[in-house]
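Below: the structure, in structure tokens.
Laboratory data are not the source of any read-out in this text; all were calculated from the coordinates shown. On a predicted model such as this, the values are computed, not experimentally measured, just so you know. Cβ: placed from backbone, ideal geometry, glycine included. Neighbour counts: every protein chain shown.
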Amino acid sequence: MKRVLALLALVPALALAQGAQPLPEDPVANKRAVHLAEQLRCLVCQNQSIAESNAELAVDLRRQIREQIAQGKTDAEIADYMVQRYGDFVLYRPPVKATTLLLWFGPPLLLVIGIAVLVGFVRRRRVRIAQRPLTEEERREAERLLQGTESGQR
């Protein structure tokens, strides 16, 4: 009986040694691990979170998250560790700072520039069309249409 109790006491230590995965009985730790994994980008796949990716690095990062949760670290400490080790790119929502300004404001800036170019192109085209003289065929067609309208035909 003492041996069974001693083995049961070793189960949490064995879990830590084998990747520090939270025990299934700990839904809070599992939820934290999944939540953190969803907030971090897979550095191999780049378009998936480490929760979704099956790349070896993503598996390793998930294991590191579980280890740090088992060590009692907060979510912020774990995220800081990942950023310190892999840079801001590992975060799906990197902080706004000098090195990430283009990342945050680049897409809206490109959209505004694109809209301005489109508006300018359309205005120049309208002016060019309005200032272009009519060809003889266009002039005859216009006269025919105007004469038809004046005589009551529609």
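Between Leu146 and Gln46, the contour length at 0.36 nm per residue exceeds the alpha carbon distance by 29.7 nm.
For the range 73-127, the set of trypsin sites (Lys or Arg not before Pro) satisfying both a DSSP loop assignment and a count of at most 12 other C-beta atoms within 10 Å is given as Lys97. Across the alpha-carbon set of the range 99-150, the Rg to Rh ratio works out to 1.45, Rh being the Kirkwood radius.
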